[in-house]
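The values are calculated or read from the model by the stated rules, or taken from the named source; none is laboratory data. Just so you know, these numbers come straight off a predicted model, no measurement behind them. Heads up, the Cβs are rebuilt from the backbone with ideal geometry, glycines too, and the neighbour counts pull from every protein chain shown.
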Amino acid sequence: MSGRAVRETLVIDEAFRSSFPAGEFRAFDDFVTAPGAVIKHESHSRVTVVERPSGVASERAARFAIKEYRHGPIRRLLSLFEVPKGQREFLNLQICRSLGVPTVEPVAYGVRRGWSGAVRSSFVVTAYVEAAEHLRAR
């Protein structure tokens, strides 16, 4: 990362705060560099499965998928006019779940913006479901 000023936004669902405590996950990089198994890696995205304490509710998932989206120069310019991908995915998952659509549980999202306000990268954290069916497969 360059020495230029950045702004970071981190949002964690209250139900999962014990799995991602503030002392351990206080910055954007704490999420995207969390140790785990990388299950997908492309030029502008990466998905890592991490294991975390399940917290108070025993039915909560202990495995989480962290999807990071990195923006190149053109995408950064466009990001000035749209909601960042990680945040958008988090919000869409919340909407789907509220409508009764079975989806993975949204846990957290983060956005890193450069000095201009353009998005450099974003991420979304979801509960990891081993045998999930991708909607595009239908």
>> Of the conditions (1) touching a strand residue (DSSP E or B) at 6+ places or on another chain (Cβ under 7 Å); (2) surrounded by 15 or more Cβ atoms within 10 Å (Cβ to Cβ), GLN94 satisfies every one except a single condition; which number is it?
In response: (2)
>> Could you check the range 65-102 and list, in sequence order, the residues that are under 22 Å from SER19 (Cβ atoms), among the basic types (Lys, Arg) and under 11 Å from the mean Cα position of the chain (by Cα)?
In response: LYS67
> Could you list, in sequence order, the residues of the range 113-138 that are surrounded by 15 or more Cβ atoms within 10 Å (Cβ to Cβ), of a type in the set (A, V, I, L, M) and at pLDDT below 90?
Replying inline: ALA118, VAL119
>> Show me the strands (runs of 3 or more DSSP E) found entirely inside the range 13-112 where at least 1 residues are in contact with a helix residue (DSSP H, G or I) (Cβ under 6 Å, 6 or more places away or on another chain) and modelled with pLDDT of 95 or more.
In response: 63-70
